[in-house]
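The values are calculated or read from the model by the stated rules, or taken from the named source; none is laboratory data. These figures come from a predicted structure and were not determined experimentally. Here the Cβ positions follow ideal geometry from the backbone for every residue, glycine too, while neighbour counts run over all protein chains shown. Note: accessible area is taken over every heavy atom of the protein model, side chains too, but ligands, DNA and RNA are not part of it. Shrake-Rupley method; radii C 1.70, N 1.55, O 1.52, S 1.80 Å.
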Amino acid sequence: MKNTIRGILIDPYTKTLSYTDIELNDHGGCLKGLYKAINCDLVELVRLSKDLDLWVDEEGLLKIDEDTKYFHTEGMSNPIAGRGVLLGNKRTKEGVDATDCPYTIDDVLSKITFREFSFNPFY
């Protein structure tokens, strides 16, 4: 059994996209690997298309401060706070499993915009 899946890390702090290997556990789960890649304690799945998922920090908008950076993906109305990982998905009898991202960085580069916002806790 393969012990990693290949994703694309979206990092608004460095304004870069890079390939990342997400570690899988003995049962094929990737949550711990996603926590490490995104640098968070809780992830949320955003289904972008039938074969592409975006995994983000579920608490990203709750931890906003003056150092928080954001990105925006084509087709979404709200920006994402913090890092995200793009992974593929495949349907199985048990549900949906995360897989290698089916796209290259060049494929998604034009669909990602890095954003900066002024921090205003009273907004």
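Show me, for the stretch 7-19, the HN-Hα J-couplings you get by feeding each phi into the Karplus relation (A = 6.51, B = -1.76, C = 1.60, θ = phi - 60°), rounded to Hz, glycine and proline as x.
x, 10, 8, 9, 10, x, 6, 9, 6, 9, 10, 8, 6
Take the alpha carbon gyration tensor of the stretch 30-90, find the square roots of its eigenvalues, order them as a ≥ b ≥ c, and report rounded if a/c is under 1.5; if not, report prolate when a/b exceeds b/c, else oblate.
oblate
What is the dipole size for the chain, taken about its Cα centre, with +1 at each Lys and Arg Cβ and -1 at each Asp and Glu Cβ, in debye to the nearest 20? Mind dumping the intermediate values first?
Numbers: 15 positive and 21 negative charges, 67 e Å.
Roughly 320 debye for the chain.
From the helices alone, meaning DSSP H stretches of at least four residues, give me the mean residue ellipticity at 222 nm for the chain, per-run term -39500 (n - 2.57), in deg cm²/dmol to the nearest 500.
So the calculated ellipticity at 222 nm is -2500 deg cm²/dmol.
Quick one: which residues, 5+ away or cross-chain, put their amide H under 5 Å from the amide H of E58? H built at 1.01 Å from N.
Hits under the 5 Å cutoff: L42, V43, E44.
Average the reciprocal distances over every distinct pair of alpha-carbons in the chain, invert the result, and give the Kirkwood radius in Å.
Numbers: mean 1/r = 0.0671 Å⁻¹.
So the Kirkwood estimate lands at 14.9 Å.
Relative to the present Cα-Cα distance, how much length would full extension add between D107 and D67 at 0.36 nm per residue of separation?
Once the chain is fully extended between D107 and D67, it gains 11.5 nm.
Which ³J(HN,Hα) values in Hz, rounded to whole numbers, follow from the phi angles of the stretch 77-83 under the Karplus curve 6.51 cos²θ - 1.76 cosθ + 1.60, where θ = phi - 60° and Gly and Pro get x?
Once rounded to whole Hz, the list reads 7, 10, x, 9, 8, x, 7.
Longer than 20 Å from Cα to Cα, which of K15/K111; K2/K90; K36/K111 are they? Say none if no pair is. Before the final figure, lay out each step's value.
Values: K15/K111 13 Å; K2/K90 15 Å; K36/K111 24 Å.
As for pairs spanning more than 20 Å Cα to Cα, those are K36/K111.
Averaged per residue, what accessible surface does the chain expose to a 1.4 Å probe, in Å²?
Here the residues of the chain average 64 Å² of exposed surface.
On a full-extension model of 0.36 nm per residue, what is the gain between K15 and D41, subtracting their alpha-carbon distance, rounded to one decimal in nm? Intermediate values should be presented prior to the final figure.
Details: separation 26, 0.36 × 26 = 9.36 nm, distance 2.20 nm.
So the chain would gain 7.2 nm between K15 and D41.
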